[in-house]
Amino acid sequence: MIRLLTRLAGIVIAAALLFAMQRTTPGYSEITGPIPVSGAMGQSIAARGFSFRADKLILADRIRWRAYGRDIERDSSGLWAVVVAEMEGRPASVTANGALWRSASGRRYTPSQRLATAPRQLGANRLEPGLPQRGLLIFEIPREEADDATLLVSLIRWPRLDSEIRMPLARDRTESTDVLDLDGLFDG
Amino acid sequence: MLGFSLTALRQTLFTRLSAGIGGLLALCLTTVQTIIAAMPPDALPKLRPGETIDAGRWQVAVQSAVVSTQPRDDGYRPPPGMKALAVDIDILNRTAESSNVFGRIFTIDPPIPGLKPDPIHYLMRDRTMLAALHPGLPERVRVIWTMPNQAPIPPNLRLTITAESFKPRDNLLAAPGWFNPKVIAAISLPLHEEWGGGGGAP
C-alpha cells in the first residue's frame, strides 16, 4: 500500500515538475530576442552599432513644417510625441530605423509615416561615425498612452540577438504644446 | 491444453485490440472531420452599413460605396479609361503593435468582372495614401479599387470580411502572432455612380 502511494506521489510530482518546466521554458523568439541596454534621458548610451542620446520629449496636438514651398500641418485624434535626440553610427556607418514607443500598457508604436516630408527625422538617413546627427523621432499616440512610456531604439524593428536601448521617458524632460513647428526646433 | 490456448488467444486479442485503438480513434476523427467539411457552411452574419465588427486585428465599420470617374476630393484620380470603386470604412487597430496589413480584410464576393484586385487605401485625415495604423487611433479610410470604364456595375456590392485569430505562441518560433484567416461576416452595399452615369475619362 505504502509502495503504491509512494509511486503515485512520484508520478504526481514528476507531472507537476514537467508542467512547470513546460510553462516556464522561454520560447525561441525570447531566447534570440533583443539584448536590452538601459539608460536614462540626457545621457549618451552606447549600443552595438550606434550611440544614442535623447534630450527631450515634446507632446503636441498638431505639428507643422514647411516642405516644397508649402506649409503642412498634421493633426491627430491622439497626440504627437516628438523625441529630440542625437544619434551616431559606431564604429561603422549604419541605418537605424528600429525606434518604438512602448506605452505603459505595453502597446508598441512605430514612428509615424504620415510625415514623409518633415525635416530632420532620424531613421531616414545613414548615421556616420564621428558625425553625430541631431534629429527627431515622431510618434502618433493616443492621449492615454503618453504617460510613463519607454523609448526602444535599435537598428531594426525586430532586433535578434542585437542591442535594444530601453529608455524610460522622464516627466521632467517632457514639454507640452498646442502646435509644434518642426522647422523652428533647430533654429535656436 | 485447452485452457492454455484460450489464455493465449485472449492475450493475442488484447494485444491486437490495444494496438489498434489509436488507429480506430484516428479513423473516427477523420470521418467526423470529413462529415463536418462536407456540411454546407453556416450562413455568414450580415452587417448593416455603419455597423462595427471586431475582425481579428481590426475593428471595422463599412460606411458606403461609390463608383466615380472624376478626380475626388481625397486627391485620388483614376487613371485614364478607368473608374474607381471606393468604399469608405472606419477602422481601428485592435492589436498592440502598429501595423500595415489592412489589405487582406475585404474580399469582393461575388467578384466584379474587370476589377483590379489590389485596392489602394487612402487616409481621409491627410488625403494621402495610408502607410500604417497605430493601436487605439481610429481613422476614416477610403479603399479604392479600379476597373475599366466600360465594365458594367452591379446594383449591389457584397464584401466579405476576413479575420485572423491571435496566438500567443506560434508553432515555429513560439512568438505571438495572428493566424488562420477566416471569413466572419458579409455586408451588402447599394452601389451608385457619382456624377451621373460614368461618363468618359476626365
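The values are calculated or read from the model by the stated rules, or taken from the named source; none is laboratory data. It should be emphasised that the depicted structure is a prediction, and the values quoted were computed from it without experimental measurement. Ideal geometry is used to build each Cβ from the backbone, glycine not excepted, and the neighbour counts take in all protein chains shown.
Observations
Residues checked against (1) within 14 Å of another protein chain (Cβ to nearest Cβ); (2) modelled with pLDDT of 95 or more:
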| site | (1), (2) |
| --- | --- |
| B:Trp58 | no, yes |
| B:Ser68 | no, no |
| B:Pro71 | no, no |
| B:Gly81 | no, no |
| B:Leu85 | no, no |
| B:Asp90 | yes, yes |
| B:Ala96 | yes, no |
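- Consider segment A:106-132 and keep the residues that are at pLDDT 90 or above and over 18 Å from A:Val83 (Cβ atoms). The one that is farthest from the other protein chains (Cβ to nearest Cβ) is A:Gly130.
- Of all residues in segment B:122-135, those that are over 18 Å from A:Ile63 (Cβ atoms) and facing chain A (nearest Cβ under 9 Å) have Cβ atoms under 8 Å from Cβ atoms of residues that are charged (D, E, K, R) and in a loop (DSSP other than H, G, I, E, B), 6 or more apart or on another chain, in B:Pro135/A:Arg107; B:Pro135/B:Arg94.
- Pair list, Cβ < 8 Å and 6+ apart or interchain, from segment B:95-119 residues that are closer than 24 Å to B:Ile153 by Cβ to residues that are surrounded by 13 or more Cβ atoms within 10 Å (Cβ to Cβ) and basic (Lys, Arg): B:Ile108/B:Arg158; B:Asp109/B:Arg158; B:Pro110/B:Arg158
- A:Arg102 vs. criteria closer than 25 Å to A:Ala170 by Cα, facing another protein chain (nearest Cβ under 10 Å) and out of contact with any His (no Cβ under 7 Å at 6 or more places or on another chain): yes
- The single condition among (1) more than 14 Å from chain B (Cβ to nearest Cβ); (2) over 18 Å from A:Asn97 (Cα atoms) that A:Ser51 does not meet is (2).
- Tally, over segment A:151-188, of residues that are surrounded by 14 or more Cβ atoms within 10 Å (Cβ to Cβ) and more than 26 Å from A:Pro91 (Cα to Cα): 10
- With respect to the conditions (1) surrounded by 18 or more Cβ atoms within 10 Å (Cβ to Cβ); (2) closer than 22 Å to B:Trp58 by Cβ; (3) of a type outside the set (A, V, I, L, M, F, W, C), B:Thr146 lacks only one, and its number is (2).
- Across segment B:22-44, the qualifying residues are those that are among the hydrophobic types (A, V, I, L, M, F, W, C) and in a loop (DSSP other than H, G, I, E, B), and the one among them that is surrounded by the most Cβ atoms within 10 Å (Cβ to Cβ) is B:Leu44.
- Test: residue in segment A:80-91 that is buried (at least 19 other Cβ atoms within 10 Å of the Cβ), facing chain B (nearest Cβ under 10 Å), within 18 Å of A:Leu152 (Cβ to Cβ) and touching a residue at least 12 places away in the same chain (Cβ under 8 Å): no
- The residues listed here are A:Leu4, A:Leu17; of these, the one that is more than 21 Å from A:Ala146 (Cα to Cα), assigned to a helix (DSSP H, G or I) and modelled with pLDDT of 95 or more is A:Leu17.
- Any chance A:Ala118 is under 16 Å from A:Phe186 (Cβ atoms), in contact (Cβ under 8 Å) with a residue 60 or more places away in the chain and buried (at least 16 other Cβ atoms within 10 Å of the Cβ): yes
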